[in-house]
Every structure is written in C-alpha cells, then in structure tokens.
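Down below is the structure, laid out as structure tokens.
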Amino acid sequence: MPAHHALVHMNEVYTHDLIVRSLRNHRWSVTELHAKGTNTDVIDDAKPLDLATFDPPVSLQWLEYELIDWLHLARQPTATLANSYCIRKGLIRKAQMAFNVTKYLTKRPESILGTAVPETWLFEIDHVDYMDEALNEVFDVVQDLEANEGVEDQAEKKLFIIKPSLANKAAGIHVFDSLYGLRSLFEKTRLDSDEEDEDGDGGEEERGIDGPLNGETAQGDEERDDHLDSDSEDGDISQIREWVIQRYISRPLLLRNRRKFHIRAYVLAVSNIRVYLYRDMLALFALNPYSVTDLHDKLAHLTNTCLQTDQTAFEEDESVRLFWDLEQKGLTGPELEGMFEQMKQILADTFDACAGEMTTFQAMPNAFELFGFDFLMDEDRKVYLLEANSFPDFKQTGARLKHVIDNLFNETLCVAVKPFFANDDEKDIPLDRFVKVFDRELLRTLHDLGST
C-alpha cells in the first residue's frame with residue numbers, strides 16, 4: 001500500500017499529469033484537485049485550502065503557489081513537504097536579483113557574476129509624464145543613447161533591453177537604441193491602458209493602481225510578488241512600475257542559419273539549501289534570422305517559444321532542441337562542456353548571493369522548488385545569466401522531448417522528496433542527471449534545535 005499522500009494541482013495539464021504519473025510510479029497516494037465541475041475534489045477560489053480536513057493526512061503539497069497551505073507546512077516541519085519556498089523574490093524578481101548580485105560583488109569582486117550578468121539598472125516609472133525624472137536615475141543609459149545619435153553604422157550602436165521586473169512570456173520586453181525608442185514603449189502602454197479604462201476593463205478605479213492583478217488573492221506583498229514572477233501566469237504590463245534596463249548582448253552565438261537562441265536550464269533547490277542543475281537542458285531558438293538592423297523584429301531578438309506558436313513558420317522540432325544536441329549544429333563537445341561548467345559556477349554564486357539575503361529569500365527545510373534559469377552565449381562562447389523563473393513553463397518542451405520533463409520529475413522525487421521522508425543522509429542520495437552546484441546550511445528546523 002502507498003505510504004504517503006500527495007495533493008496535486010497544476011494549472012497546465014501537461015505538467016499536472018506528468019507529476020501525478022511520477023508520484024504514482026513511486027507508489028504515492030495522490031489526490032488531484034481540479035477546477036469546479038470537473039471532479040469531486042475541487043478548488044474553491046473563495047477560501048484557502050485547509051489541509052487539516054484531508055483524510056488521509058497530506059504529506060506532500062505539489063500545488064500552484066497560491067494554493068499552498070503555508071500554515072500547515074509551518075506547523076509540521078518534519079512531516080510535511082511542499083514544492084515551493086514561500087519567499088524567494090530575491091531570486092526570481094529581476095530588479096531584486098540585480099540588487100543582490102550588485103551587493104554580492106562588493107564583497108566578492110572576483111565572482112563570475114561580475115561578467116556573467118549584463119550591466120543592469122533599475123528603472124521605476126509611475127507614469128509616462130514622469131519619464132524625465134525616471135531617466136535621471138539611469139544617467140549612464142541616457143548618455144549612451146544620446147551618443148548613438150551620432151553613430152551611422154547600426155552595428156556600432158550600443159543597444160539596451162528593457163524588461164518588466166514582474167512579468168513573463170516576453171511581456172513588455174523591448175530592444176532599443178534611442179531615447180525615442182524607450183519613450184515610445186511607455187507612450188504606447190499609456191494609450192493601451194487609456195483605451196481599457198474607457199471600456200471599463202481593468203482601470204485603476206476598478207482594481208487600484210497597487211491592487212491584485214489577474215484575479216490574485218490578497219496574500220500579502222511577499223507572496224503576491226513571488227507568485228507573479230513565473231512562466232505560467234500572464235501579467236498586465238500597463239500596471240507595472242518596476243522595470244530593469246540591461247545592456248543588450250548584441251553579438252549572441254548564432255546557429256541554424258543565424259538564429260539566436262537561449263538555454264533553459266532546470267534547477268532544483270532542496271531544503272536549506274542544496275542546489276542541483278539538470279543536465280538535460282533546452283536550446284530555444286528564435287524564429288527569424290538575427291539582425292541588429294531591425295530591433296522591432298521580436299521573432300529575431302526574443303527566443304521565447306510562446307511568441308512563435310501562432311506563426312505559420314513555427315516548427316516545434318526546430319525551435320526546441322536539446323542543449324547537448326547542439327554538437328550536431330556546429331558546436332564541439334568541449335565547447336558545450338565549457339559552457340556547462342560556466343553555468344554551474346554562475347548558479348553557485350547566484351544562490352550564494354541571494355540565499356544570504358533573508359528578507360528576500362528564505363530556504364525552508366521542508367520545501368523544494370524547480371526553477372527555470374535562462375542563459376545566453378555570445379560569439380566567444382561566454383555564458384550570461386538572463387533570469388530565473390519560478391514555476392517554469394514545462395509545456396514549452398513539447399511532445400517530442402516530453403520524456404525530459406518526465407525524467408526530471410522522477411529524479412526530483414528521488415533527490416528532494418524521498419530522502420525527506422526516509423531521513424536519508426544527503427551523501428547517500430543517488431544522482432543521475434542532476435549535478436550538485438551549491439550546498440550551504442542556512443537555518444535549522446525547530447525540531448533539530450530542540451534536540452541539541
């Protein structure tokens with residue numbers, strides 16, 4: 001008979017079904033939560049889950065962030081486990097990660113993060129009418145953009161990319177090389193927002209400028225912020241006030257007829273805290289050939305597959321490849337291994353930088369989490385860290401490579417879940433495709449403190 005009971009719900013069926021299958025293969029009893037009208041075990045949006053009412057008792061919560069019963073987790077730190085940390089905005093929120101990295105580099109100037117993270121500026125703007133005030137805070141950016149006005153060769157201009165700090169799926173991302181290009185983004189956003197206000201759909205009077213977005217529950221700033229910055233939820237960029245501007249990596253490594261691509265790496269953080277990098281990473285290609293002459297062509301500059309799926313030229317097998325298969329596309333085995341080693345070093349220092357900031361990252365002893373880290377390589381095979389995503393969009397892996405995610409969940413159970421309940425020593429945990437990149441004890445459970 002199954003020894004443990006898991007409660008599972010993921011909004012994306014692709015992900016949900018693979019998690020359930022992995023748990024049942026490991027002889028777990030599973031209760032699946034579904035939308036109302038589809039199952040007797042339903043999600044009631046009007047009230048939070050109360051795990052004390054479940055029989056048999058729930059040992060593992062594998063749920064969307066906003067559904068996790070944090071109180072239940074805190075009350076039973078040695079008997080219950082969840083698939084997310086409660087506070088980790090210091091890692092997944094772009095502006096906060098940039099702040100943590102900058103602070104870390106003051107203490108560790110030799111860190112690989114000094115060159116692996118593109119130069120980043122926080123850009124806060126409440127309204128386009130306050131653009132000049134906001135630009136005063138990013139003087140270096142303005143200086144370079146003004147210098148571009150005298151440069152005729154587009155290839156010689158200094159390029160920048162702007163991203164919302166709390167958005168995903170390429171929402172609000174733009175590449176620009178002029179002040180006009182930057183201003184135009186916010187002028188268009190204001191016009192779009194004004195049209196919505198006139199229609200009575202999502203205006204400030206209805207939701208409040210600082211109110212919950214897209215049906216979020218009022219969970220508190222910490223939880224709401226962490227939940228928003230995921231691959232799986234769309235954001236309303238007309239309400240975004242916090243952005244980051246980065247130097248654009250204008251000489252990316254190009255393969256497959258001059259296509260830009262980035263690497264999606266799956267990273268598992270366990271307890272407080274061990275971090276593992278999954279070897280089977282994805283290479284996600286842009287749809288159009290790369291060129292700096294047209295910065296408005298998002299299909300050339302942005303490699304998110306969600307931008308491509310409604311294009312007639314989109315072919316999943318061409319846009320989504322395995323990292324290690326790039327040896328067949330023009331890279332050598334040693335080059336790929338070298339990039340992989342850089343990723344390991346970047347991840348180690350990133351978690352070292354963020355895990356020490358307790359107000360924005362708290363690694364709980366009875367939790368684990370799978371993150372999606374995005375990396376980009378330049379022509380010199382140098383690796384850059386782009387961002388970290390909570391609740392990554394596993395569906396973008398597609399049907400052909402579905403086995404990668406299936407294996408990922410199976411090994412996650414072996415590395416993060418099974419040892420927790422079996423009280424296995426960490427050194428005895430067998431690793432297959434996971435590679436440990438970071439190990440540091442941040443805090444101890446009340447149970448451990450009481451036994452010493």
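Between His34 and Glu137, the simple spin-label model (points 7 angstrom out along Cα→Cβ) gives 4.7 nm. Each residue, Thr359 and Gln154, gets one label point 7 Å from its Cα in the Cβ direction; the gap between the two is 4.4 nm.
For a modelled paramagnetic label at Arg258, 7 Å from Cα along Cα-to-Cβ, the residues of the stretch 278-298 in reach, with backbone nitrogen under 16 Å, are 286-298. For the stretch 251-356, what does the alpha-carbon gyration tensor say about shape, rounded, prolate or oblate, given a ≥ b ≥ c as the root eigenvalues, a/c under 1.5 as rounded, and a/b over b/c as prolate? Judged from the Cα gyration tensor, the stretch 251-356 comes out prolate (a/c at least 1.5, a/b above b/c). Probe 1.4 Å, all protein chains in place: accessible area of Asp325 in Å², nearest 10? Approximately 50 Å² for this residue. Here the spin labels are modelled as points 7 Å beyond Cα on the Cα-Cβ line, and at Phe54 and Phe421 they lie 1.1 nm apart. Ligands, DNA and RNA aside, Phe123 has an accessible area near 0 Å² when probed at 1.4 Å. Cα-Cα over 32 Å: which of Lys158/Lys395; Lys382/Lys418; Lys103/Lys395; Lys395/Lys436; Lys94/Lys298; Lys89/Lys329? The pairs that break the limit, which is 32 Å between Cα atoms, are Lys158/Lys395; Lys382/Lys418; Lys103/Lys395; Lys89/Lys329. Counted residue by residue at 0.36 nm each, then reduced by the alpha carbon distance between them, the extension gain from Leu336 to Asn25 reaches 108.6 nm.
Could you compute the FRET efficiency for Leu431 and Gln311, with r as their C-beta to C-beta distance and R0 at 30 Å, rounded to 0.05?
On the way: r = 39 Å, r/R0 = 1.29.
The calculated FRET efficiency here is 0.20.
The values are calculated or read from the model by the stated rules, or taken from the named source; none is laboratory data. These figures come from a predicted structure and were not determined experimentally. Don't worry about glycine lacking a Cβ; one is built from the backbone with ideal geometry, like all the others, and counts go over all protein chains shown. Ligands, DNA and RNA are excluded from the accessible area calculation, which covers all protein heavy atoms including side chains. Shrake-Rupley method; radii C 1.70, N 1.55, O 1.52, S 1.80 Å.
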